[in-house]
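The values are calculated or read from the model by the stated rules, or taken from the named source; none is laboratory data. Just so you know, these numbers come straight off a predicted model, no measurement behind them. In this analysis, Cβ positions are derived from the backbone assuming ideal geometry, glycine residues included, and neighbour counts consider all displayed protein chains.
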Amino acid sequence: MNKRERKDANAVRGAVAFKPFKSHTPFRERLVESGLFGSGILSILTTAAILAVLVFETVGFFREVSLAQFLGDTEWTPLFSEKHFGIWPLLSGTLLTSLIAIAVALPLGLLAAIYLSEFAPKKLRKVVKPALEVLAGVPTIVYGYFALVFLTPLLQRFIPNLAGFNALSPGIMMGIMIIPMISSLSEDALYAVPTNLKEGAYALGSGRLAAIFRVTIPSAFSGIVASVILATSRAIGETMIVAVAAGQQPRLTFDPRVPIETMTAYIVQISLGDTPTGTIEYRTIFVVGSTLFLMTFVMNIISQRMARRFRGRT
């Protein structure tokens, strides 16, 4: 065996005798990892339990009420002696207040986002943006009573036929409530647009406004659309404002001057404890909750898909 062969044999024996170093994960890291895993599993189980309860009670409701009656009737009176279970009055009230809220929040929130991202100095931006987001921290019941005791009497001076309980006043307050959601998320999307896109627009002779509306906003459109849909979902799920200021009269109308009832306000009405558990009236809570869940779930899916679609284009 020559020198080279002896060297190769020694290398092989050394490789066989080598034992790789086994790193031991510290106990604290394993504990943190287990805690994070448990938190994730707990959230999944909680969501699954909520869905299971909704599905179970909804199935029990449709054993007594047909789907044709639920979708075909135009009256909702489960607490009356003559019971009707048409979901459309609650659905129309929910959509009406949500549309009013978006009509208020979208222009104001988007203009605030454009100002903060394109015009406001950095020092002013650091002050105004947190101040604007304070609106999101105001309890919703405060908005509701403000709409009832201040905004409605104020609007009645200009709209004589406006009822004491109506859809217009809570819709406006809901719009003010969701302005921070649209402005903050849209401002983040606008601020994240690369500077070279704006500089390219300026190099081609565009003015500041032209660059904003033809380059910056289209580039951030995915984030803007996502913020609007998320804010709409928030408006649809709002409870206390409409429960206090909109009235609890389910009617199939799109007149914002009259009292209406939303799905969330109806859930509050039935959840006061006067309805016996296990009755058909009690199960209406869950079928309305399931309808509300499907609406917000579909809107969140649309938000994600539109965000991906426009992100791919930009």
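Quick notes
- Test: residue in segment 68-78 that is touching a strand residue (DSSP E or B) at 6+ places or on another chain (Cβ under 7 Å), in a loop (DSSP other than H, G, I, E, B) and either surrounded by 10 or more Cβ atoms within 10 Å (Cβ to Cβ) or at pLDDT 90 or above (or both): yes
- Cross-chain or 6+ apart pairs with Cβ under 9 Å, segment 128-148 first and over 14 Å from Ile172 (Cα atoms) and at pLDDT 80 or above, then surrounded by 13 or more Cβ atoms within 10 Å (Cβ to Cβ) and charged (D, E, K, R): Lys129/Glu187
- Unmet requirement for Thr97, which otherwise passes all of (1) of a type outside the set (A, V, I, L, M); (2) loosely packed, with under 14 Cβ neighbours inside 10 Å; (3) farther than 17 Å from Val287 by Cα: (2)
- Condition met for Leu116 (in a helix (DSSP H, G or I) and touching a residue at least 24 places away in the same chain (Cβ under 8 Å)): yes
- From the list Gly237, Gly223, the lone residue that is in contact with a helix residue (DSSP H, G or I) (Cβ under 8 Å, 6 or more places away or on another chain), surrounded by 16 or more Cβ atoms within 10 Å (Cβ to Cβ) and within 23 Å of Val55 (Cβ to Cβ) is Gly237.
- The residue of segment 174-213 that is surrounded by the fewest Cβ atoms within 10 Å (Cβ to Cβ), among those that are in contact (Cβ under 8 Å) with a residue 24 or more places away in the chain and over 20 Å from Ala120 (Cα atoms), is Ile176.
- Residue within segment 84-92 that is small (Gly, Ala, Ser), assigned to a helix (DSSP H, G or I), surrounded by 12 or more Cβ atoms within 10 Å (Cβ to Cβ) and modelled with pLDDT of 90 or more present: yes
- Of all the criteria given as (1) more than 26 Å from Val242 (Cα to Cα); (2) surrounded by 13 or more Cβ atoms within 10 Å (Cβ to Cβ), the one not satisfied by Thr140 is (1).
- Residues that are assigned to a helix (DSSP H, G or I) and modelled with pLDDT under 60 within segment 13-44 comprise Arg13, Gly14, Ala15, Val16, Ala17, listed in sequence order.
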